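Q: Got a structure here, written out as structure tokens. Questions coming.
The values are calculated or read from the model by the stated rules, or taken from the named source; none is laboratory data. Bear in mind that the values here come from a model prediction, so they are computed numbers and not experimental data. Here the Cβ positions follow ideal geometry from the backbone for every residue, glycine too, while neighbour counts run over all protein chains shown. Each accessible area value is taken on the protein alone, full model and side chains, heavy atoms only, with ligands, DNA and RNA left out. Shrake-Rupley method; radii C 1.70, N 1.55, O 1.52, S 1.80 Å.
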Amino acid sequence: AGDREFVPRAFGWVIECFEGRRPGYQAIDLRYHDLKHTMQGTLCLMRLLQGRSRTQAVPPVSQKWFELALLAILFHDTGYLRQRADTTGTGAKYTAIHVGRSAVFAREYLTPRGFTEADTNAIENMIRCTGVAVELRYLPFQGEVERLLGCALGTADLLGQMAAPDYVDKLAELFEEFAEAARAGGAKAARFAAYTSAEELRRRTPGFWENYVWPRLNQDFQGLYRFLNDPLPDGPNPYLQAIERNIARIRAELAG
């Protein structure tokens, strides 16, 4: 009974934006936070929500909430896009503030397409769950399902990229984005200056996984990654297995 055109329409919107066909905006010019990165997170989120639906977990996610969650993950990195008049550097200079910019971009894009203020508020809250330093308790969630989907979005954003087969190889590109963000300055950019080289970013990645990502997945994000187990409910988790392989590869290369 759902709108069978919604998913291809939503994908068309974000592809239009990333390819530079959004009036007033350039195409994405980042090599790490590109369209592929967005698609990795989107696929992970859809698999997670499918797994959760199969277990008949409560509260259920309605068609409307599914659609809003899909839009949130698709638009969660649109804050890296530059306007046509912005001719200096790349979108990486917005790294420290891209989450807020993404929320604003999504609201401005979706409101003329019939989405209500409640809809765009929900999408904004979900997008903000992808912020590294965000404290979920301060986000004005409009209900339990919205909070749940925000946690699912944060989970998918982290797992989708860290489980990618080329994650380790792309850390050098991520460092270049961090370096530009540090050069751009601003109150929120100082933490990116802590990485002095791509090698240092690589060296610190296992600790990032163990000391930040893993606790966040289990505590802040409610352990929703378990819905990615295959088979459900107690089978192995292909995303966690892939991340463990990537971390093991980094450790082996550092040791060698």
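Q: For residues that are part of a helix (DSSP H, G or I), open to solvent by less than 40 Å² (accessible area, probe 1.4 Å) and touching a Phe, Trp or Tyr at 6+ places or on another chain (Cβ under 8 Å), tally how many sit in the stretch 20-50.
A: Summing the residues that are part of a helix (DSSP H, G or I), open to solvent by less than 40 Å² (accessible area, probe 1.4 Å) and touching a Phe, Trp or Tyr at 6+ places or on another chain (Cβ under 8 Å) in the stretch 20-50 gives 4.
Q: What number of residues within the stretch 222-241 satisfy the criterion of being among the basic types (Lys, Arg) and either surrounded by fewer than 16 Cβ atoms within 10 Å (Cβ to Cβ) or not in a helix (DSSP H, G or I) (or both)?
A: So the answer is 0.
Q: Additional query: Take the stretch 154-180 and flag every residue that is more than 14 Å from TYR32 (Cβ to Cβ) and touching a Leu at 6+ places or on another chain (Cβ under 6 Å).
A: THR155, ALA156
Q: Restricting attention to the stretch 92-110, does a residue exist that is open to solvent by less than 30 Å² (accessible area, probe 1.4 Å), in a loop (DSSP other than H, G, I, E, B) and of a type in the set (Val, Ile, Thr)?
A: The answer is no; no qualifying residue exists.
For (1) assigned to a helix (DSSP H, G or I); (2) without any contact (Cβ under 8 Å) to a residue 60 or more places away in the chain; (3) aliphatic (A, V, I, L, M), each residue gets a yes or a no:
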position: ALA181; (1), (2), (3): yes, no, yes
position: GLY186; (1), (2), (3): no, no, no
position: THR196; (1), (2), (3): no, yes, no
position: LEU201; (1), (2), (3): yes, yes, yes
position: ASP220; (1), (2), (3): no, no, no
position: ARG245; (1), (2), (3): yes, yes, no
position: LEU254; (1), (2), (3): yes, yes, yes
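Q: Across the stretch 183-215, what is the number of residues that are of a type in the set (A, V, I, L, M, F, W, C) and at pLDDT below 95?
A: Taking the stretch 183-215 and keeping what is of a type in the set (A, V, I, L, M, F, W, C), we get 184, 187, 189-190, 192-194, 198, 201, 208-209, 213-214.
After this cut, where a residue has to be at pLDDT below 95 as well, the list is 184, 187, 189-190, 192-194.
Final tally of qualifying residues: 7.
Q: Moving to a separate point now. Can you tell me which residues in the stretch 74-91 are among the aliphatic types (A, V, I, L, M) and either more than 15 Å from the chain's Cα centre (by Cα) or part of a loop (DSSP other than H, G, I, E, B) (or both)?
A: First, pick out the residues of the stretch 74-91 that are among the aliphatic types (A, V, I, L, M): 74, 81, 85.
Selection gives LEU81, ALA85.
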